[in-house]
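Note sheet for the following structure.
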Amino acid sequence: MSKIVLITGASSGIGKSMASYLQQQGLNVYGTSRNSEHGQVIDGITFLKLDVTNDQSVHDAVSYLLEKEGKIDVLINNAGIGMVGSGEDSTPIEMKVQFETNFYGTVRLMQAVLPSMRNRKEGLIINISSLAGLFGLPYRGVYSAAKFAINGLSESMRMELISYGVHLSVICPGDFKTPIKTSRIRAKKSESSVYKEEFDKVYTLMNEELDNSGDPVQVAKMAFKIIGTKEPRPFYLVASAFQKCVVMLRYWIPTKAFQWLMMRNYKMLK
């Protein structure tokens, strides 16, 4: 029997790429979107209506799928939004919106599927994090904070779940061509900020990196590899060779030196 895979945020970007690729590999894939209905087929993928920021919506979608299929073998927490702006300019309300989707949305889905996975003593959760969850990025501090939080919680929960037969892994993707730059939250105070000149320069370079990045199918292929692995690792990195080198540098050289290189990359040095 084909594995049942639930992917949040599957209507665009990395989520859409994963849903399409995993289905092509013979898995029974369900995607989620706030703008779909239960059972609606979009681009060949069966969707569930789900808003990760709403407790009842999460409960209803997971209950619907469990009733229909009897199980959920794999949960891929992919739904997320970007945010840019300085830490000083980002208001607590804007930060809460970011965390409500990127962190608490992931928590809601895990808590909804875990009882059935534990009862079956079998299951896999893959949380999609980011390189930004491995080190802080200038003018993306709130986004980095949410991804750091996912990484920390996932590391802890992996140890809690393994004796119940449930595996938990994190994928940290680098830059890939997705529509994220069109949906990012931008701190409202950025337009009149003392940081505006530098922020605009960094933001332009950030988008240029995204435009020149790779195909998100690479993340989908990694997810498929993890699904087929008996004992998956806690963390997986999917990024360009350059970005992988940056990650290694983060742990090989002093933090001050690493941050100097980051600032140099984003032309922040005076």
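Rule-based calculations on the coordinates, nothing more; no lab input. Remember, it's a predicted structure, so these values are computed and weren't measured experimentally. Every residue, glycine as well, gets a Cβ built from its backbone with ideal geometry; the counts of neighbours run over all protein chains shown.
Annotations
- Summed side-chain charge close to residue 113 - residues other than residue 113 whose Cβ falls under 13 Å, Lys, Arg +1, Asp, Glu -1: +1
- With respect to the chain, whose longest principal axis is taken over its alpha-carbon atoms, helix 104-120 is tilted by about 30°.
- Legend: ranking of residues 172, 245 from fewest to most surrounding C-beta atoms inside 10 Å; resulting order 245, 172.
- Listed candidates (1) 60, 37, 31; (2) 94, 49, 32; (3) 70, 49, 36 - label of the one calculated as Cα extents along the principal axes in Å: (1)
- 28 Å Cα-Cα threshold exceeded, pairs from 230/256; 221/244; 96/177; 49/244; 147/230; 201/256: 230/256; 49/244
- When only alpha carbons are used to place a centre, region 42-121 and region 139-212 end up 16 Å from one another.
- Phi angles across region 59-67 convert, under the Karplus curve 6.51 cos²θ - 1.76 cosθ + 1.60 with θ = phi - 60°, into 3J(HN,Hα) values of 4, 5, 5, 5, 4, 4, 5, 5, 5 Hz, Gly and Pro given as x.
- When each of 41, 217, 170, 58 is scored by the number of other beta-carbon atoms lying within 10 Å, the sequence from fewest to most is 41, 217, 58, 170.
- Counted by neighbouring Cβ atoms within 10 Å, the residues 194, 247 run from fewest to most as 194, 247.
- Normalising the average separation of contacting C-alpha pairs (under 8 angstrom, six or more residues apart) by the number of residues puts the relative contact order of the chain at 20 percent.
- Annotation: lysines with alpha-carbon distance below 22 angstrom to residue 196 (same-chain offsets under eight excluded): 181, 188, 267, 270.
- FRET E, pair residue 91, residue 183, Förster distance 30 Å, beta-carbon r, rounded to 0.05: 0.95
- Within region 148-185, backbone nitrogen closer than 17 Å to the virtual label 7 Å beyond the Cα of residue 249 toward Cβ: 174-175
- Modelled label positions at residue 121 and residue 208, each set 7 Å beyond Cα in the direction of Cβ, lie 5.7 nm from each other.
- Using only side-chain charges placed at the Cβ, +1 for Lys and Arg and -1 for Asp and Glu, the dipole size of region 72-124 relative to its Cα centre rounds to 440 debye.
- Within the straight-line cut-off of under 18 Å between alpha carbons, the aspartates and glutamates reachable from residue 189 are 88, 89, 94, 197, 198, 200, sequence neighbours fewer than 8 places apart in one chain being disregarded.
- Net charge over other residues, Cβ less than 14 angstrom from the Cβ of residue 224 (K, R count +1; D, E count -1): +2
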